[in-house]
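K.L.:
Dumping the structure here so I can ask a few things about it.
The values are calculated or read from the model by the stated rules, or taken from the named source; none is laboratory data. All values derive from a computational prediction rather than experimental measurement. Note that we place each Cβ from the backbone using ideal geometry, even for glycine, and neighbour counts take in every protein chain shown. These accessible areas exclude ligands, DNA and RNA; they are computed on the full protein's heavy atoms, side chains included. Shrake-Rupley method; radii C 1.70, N 1.55, O 1.52, S 1.80 Å.
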Amino acid sequence: MKQSILILFFALGCFAFDFSIYNKLDDIERYLTTLDSCKGRVKSRLESIGTTYEGRSINMITMSTNARAPYCGCKKKAILVECGIHSREFISIAFCLYFMDFLKNTQTGIQLVKKFDWYLIPVLNPDGYVYSMNVERLWRKNRNPFNETCVGTDLNRNFGMEWDPANGGSDDPCNLFSYSGPQSFSELESQAARDVIVNRGIDFVGYLGVHAFGQMWIYPWGYTFDLVPDDATLAKCAQIATAAATSRNGIPYTYGKVTDFFPTIGGLAVDYAKSAGIKFSYEIELRDNGTFGHLLPEDQIIPTSEETTDAIVAWADCVCAEIAS
Ligand SMILES: *[C@@H]1O[C@H](CO)[C@@H](O)[C@H](O)[C@H]1NC(C)=O
Ligand SMILES: *[C@@H]1O[C@H](CO)[C@@H](O)[C@H](O)[C@H]1NC(C)=O
Ligand SMILES: [Zn+2]
């Protein structure tokens with residue numbers, strides 16, 4: 001088992017962190033607590049947005065800058081990036097960590113933080129992640145028990161937009177993949193995400209729910225085949241994002257509405273974000289195309305993160321152009 005390597009750079013007051021491996025939760029949390037002390041033009045703030053069934057904090061990092069301009073539009077808007085809702089999708093969490101470092105420590109990233117405030121939830125389902133790392137690699141749900149034998153809810157079926165176990169979910173607590181929970185927002189993790197989305201008065205214009213695998217950018221609706229009113233705009237920015245991702249390493253990414261790729265699904269986070277008024281709401285499926293599936297080798301973490309960062313940079317320009325026009 002590889003150990004993550006933490007090197008302390010006293011000169012910068014910053015931890016270097018090994019982004020090329022699937023880090024343990026403890027190491028991720030240690031890294032997050034050091035981010036605040038990093039000097040630089042980007043201010044970051046770590047906070048807990050909730051506590052899980054097993055008592056772990058759900059962490060969120062906020063990145064912003066004092067620079068007044070150039071915003072996109074006349075008021076600065078925010079983007080929410082949510083990773084690790086499904087615990088076996090390790091690449092999602094690894095990407096989020098890479099992307100936070102990109103925002104904080106690169107010229108292009110700092111430009112993005114001038115344009116938008118960023119809210120990043122790197123591990124929305126920490127109980128699941130620890131369980132997947134230590135016990136059952138393909139664990140997907142949270143760890144809230146229904147009873148002794150049937151544990152966990154699929155958090156991405158539990159959101160309060162057209163929540164419906166009969167529509168792409170399950171009312172069976174023993175279902176390992178898609179149990180929708182006893183009611184919408186029954187789970188502490190989905191509640192925590194909801195409260196960030198709607199209860200804090202943050203002016204979000206973008207939501208990115210990061211998953212694996214499938215190499216695609218998909219947008220609402222998921223619960224119905226109906227189109228959102230601004231389908232053409234969402235498609236345009238998805239096209240730009242996926243073209244940028246593909247051109248980095250030649251790995252093909254596609255885009256479309258959720259139902260172009262999946263049957264209808266109720267209770268999705270991306271549908272909830274859209275219904276809450278976040279215009280540019282997407283779910284991203286990272287690598288791969290099924291060759292390794294959820295067991296994506298660590299040597300693909302950096303290339304996957306680089307192409308997805310390119311995609312988000314291009315997407316953010318598209319969002320910026322749309323809201324400024
Ligand atoms: C747990 O609940 C499931 C679903 O209702 C049921 O099939 C199972 O027998 C229960 N197990 C225990 C130990 O009660
Ligand atoms: C999946 O991706 C691998 C690596 O890029 C490629 O060699 C393979 O042909 C792809 N398979 C399919 C079914 O697209
Ligand atoms: Zn997923």
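K.L.:
Under 17 Å Cα-Cα from K274, which lysines qualify once same-chain neighbours fewer than 8 residues away are excluded?
P.N.:
List returned: K77, K236, K257.
K.L.:
Here's something else I'd like to know. Taking amide H atoms as placed 1.01 Å from N in the peptide plane, list the residues 5 or more away in sequence, or in a different chain, whose amide H sits under 5 Å from that of L124.
P.N.:
Result for L124 returns C83, G84, I85.
K.L.:
How large is the accessible surface of T309 in square angstrom, using a 1.4 angstrom probe and rounding to the nearest 10?
P.N.:
Near enough 10 Å² of accessible area.
K.L.:
Then there is this: I'd like to compare 92-98, 189-195: which one has the highest average count of other Cβ atoms within 10 Å, and what's the full order after that?
P.N.:
92-98, 189-195
K.L.:
Would you mind telling me the share, in percent, of accessible area of the range 77-148 contributed by carbon and sulfur at probe 1.4 angstrom?
P.N.:
Carbon-and-sulfur percentage of accessible area, whole number: 47.
K.L.:
Among all the aspartates and glutamates, which ones have a C-alpha under 14 Å from K279's C-alpha, if same-chain residues fewer than 8 places away are not counted?
P.N.:
In chain and number order, the partners are D203, D230, D231, D271, E322.
K.L.:
Can you give the accessible area per residue of the chain, in Å², using a 1.4 Å probe?
P.N.:
Heavy-atom accessible area per residue stands at 40 Å².
K.L.:
Which order do peptides 82-88, 270-276, 106-112, 179-185 fall in by mean Cβ count within 10 Å, highest first?
P.N.:
Packing order, densest peptide first, comes out as 82-88, 270-276, 179-185, 106-112.
K.L.:
Relative contact order (percent) for the chain, with alpha-carbon contacts under 8 angstrom and 6 or more residues of separation?
P.N.:
Relative contact order for the chain comes out at 19 percent.
K.L.:
Rounded, prolate or oblate: pick one for the chain, where a ≥ b ≥ c are the square roots of the eigenvalues of its C-alpha gyration tensor, a/c under 1.5 means rounded, and failing that, prolate if a/b is larger than b/c, else oblate.
P.N.:
Cα axes put the chain in the rounded bin.
K.L.:
If each DSSP helix of 4+ residues adds -39,500 (n - 2.57) and the sum is divided by the residues in the chain, what number results at 222 nm, nearest 500 deg cm²/dmol?
P.N.:
Computed mean residue ellipticity for the chain: -10500 deg cm²/dmol.
K.L.:
With every protein chain left in place, what is the accessible area of M161 in Å² (1.4 Å probe, nearest 10)?
P.N.:
Using a 1.4 Å probe on the heavy atoms, I get roughly 30 Å².
K.L.:
Right, next: In terms of the Cα gyration tensor, with a ≥ b ≥ c the square roots of its eigenvalues, is the range 168-230 rounded because a/c is under 1.5, prolate because a/b exceeds b/c, or oblate? Write down the numbers at each step before the final one.
P.N.:
On the way: a/c = 1.73, a/b = 1.17, b/c = 1.48.
Oblate, since a/c reaches 1.5 and b/c is not below a/b.
K.L.:
If you don't mind, another one. Calculate, in nm to one decimal, what E136 and S247 gain on full extension: separation in residues at 0.36 nm each, minus their alpha carbon distance. Don't skip to the end; give the middle numbers.
P.N.:
Details: separation 111, 0.36 × 111 = 39.96 nm, distance 3.51 nm.
Here the segment from E136 to S247 would lengthen by 36.4 nm.
K.L.:
Note the full-extension length gain between D231 and Q107 as 0.36 nm times their separation in residues minus their Cα-Cα distance, in nm to one decimal. Present the calculation step by step, with values, prior to reporting the outcome.
P.N.:
On the way: separation 124, 0.36 × 124 = 44.64 nm, distance 3.21 nm.
Result for the pair: 41.4 nm of gain on full extension.
K.L.:
Next question. If I model a spin label at I202 and E148 as a point 7 Å from the Cα along the Cα→Cβ vector, what separation in nanometres do I get?
P.N.:
Each label point is offset 7 Å from its Cα along the Cβ direction, giving 4.1 nm.
K.L.:
Please list the helices of the chain that count as membrane-span-like by this rule: a mean Kyte-Doolittle hydropathy of at least -1.0 together with Cα atoms stretching 30 Å or more along the helix axis, each helix being a complete DSSP H run.
P.N.:
Helix filter hits for the chain: 301-324.
K.L.:
Taking the Cα centre of each part, how many Å lie between the range 306-325 and the range 200-225?
P.N.:
That distance is 14 Å.
K.L.:
Hey, another quick one. Report the net charge of residues surrounding S170, where surrounding means a beta-carbon distance below 11 angstrom and charges are Lys +1, Arg +1, Asp -1, Glu -1.
P.N.:
Neighbour charge sum, excluding S170 itself: -2.
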